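Got a structure here, written out as structure tokens. Questions coming.
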């Protein structure tokens, strides 16, 4: 399953190079200039039809979001430290 993720600041500006990882998977991806990335979710990372996302970027608070796999398009807001 693939999910699309957009990462923005509180000011609704895209955050470039935010690291997006799924707990239980070895690798993640970075967001592009528009704050966008997509991830392919491995079955081994799924627990009760959910996955846990870790989104981080220097200068911002790390965000952990538990999502259901029926959410295939997500927008995440990161807050500054």
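Quickly run through segment 66-79 and pick out the residues that are closer than 18 Å to residue 34 by Cα and either free of Cβ contacts under 8 Å to residues at least 60 places away in the same chain or outside any loop (DSSP other than H, G, I, E, B) (or both).
73, 74, 75, 76, 77, 78
Quick check on segment 58-65. Is at least one of its residues under 15 Å from residue 5 (Cβ atoms), part of a loop (DSSP other than H, G, I, E, B), touching a strand residue (DSSP E or B) at 6+ places or on another chain (Cβ under 6 Å) and free of Cβ contacts under 8 Å to residues at least 60 places away in the same chain?
Yes, that holds for at least one residue.
Out of everything in segment 33-46 that is surrounded by fewer than 12 Cβ atoms within 10 Å (Cβ to Cβ) and touching a strand residue (DSSP E or B) at 6+ places or on another chain (Cβ under 8 Å), what residue ends up being farthest from residue 78 (Cα to Cα)? Before the answer, list the steps.
As a first pass, look at segment 33-46 and keep what is surrounded by fewer than 12 Cβ atoms within 10 Å (Cβ to Cβ): 33, 40, 43-44.
In the following step, the residues that additionally are touching a strand residue (DSSP E or B) at 6+ places or on another chain (Cβ under 8 Å) were identified as 33, 40.
Details: 33: 16, 40: 22 Å.
Residue satisfying both the conditions and the ranking: 40.
Sticking with this structure for a sec: Hey, can you tell me all the residues within segment 37-57 that are within 14 Å of residue 4 (Cα to Cα), assigned to a strand (DSSP E or B) and over 9 Å from the mean Cα position of the chain (by Cα)?
40, 51
Write out, first by first residue and then by second, each pair whose Cβ atoms fall under 8 Å of each other, whose residues are 6+ apart or on separate chains, and whose first residue, in segment 30-44, is within 21 Å of residue 69 (Cβ to Cβ) while the second is surrounded by fewer than 12 Cβ atoms within 10 Å (Cβ to Cβ).
What qualifies is 38/2; 39/2; 40/2; 41/2.
Failed condition for residue 21, given (1) in a strand (DSSP E or B); (2) free of Cβ contacts under 8 Å to residues at least 24 places away in the same chain, with all others met?
So residue 21 meets the others, but not (2).
Among the residues of segment 1-12, write down those that are farther than 13 Å from residue 60 by Cα and in contact (Cβ under 8 Å) with a residue 12 or more places away in the chain.
Passing the criteria: 1, 2, 3, 4, 5, 6.
Rundown of residues vs (1) exposed (fewer than 14 other Cβ atoms within 10 Å of the Cβ); (2) under 14 Å from residue 74 (Cα atoms), yes/no style:
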{"residue": "4", "(1), (2)": "yes, yes"}
{"residue": "8", "(1), (2)": "no, yes"}
{"residue": "13", "(1), (2)": "yes, no"}
{"residue": "17", "(1), (2)": "yes, no"}
{"residue": "28", "(1), (2)": "no, no"}
{"residue": "31", "(1), (2)": "no, yes"}
{"residue": "48", "(1), (2)": "yes, no"}
{"residue": "52", "(1), (2)": "no, yes"}
{"residue": "55", "(1), (2)": "no, yes"}
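Bear in mind that the values in this text are calculations on the coordinates, not laboratory data. Not measured: the values here are computed from a predicted model. Note that each Cβ is placed from the backbone with ideal geometry, even for glycine, and that neighbours are counted across all protein chains shown.
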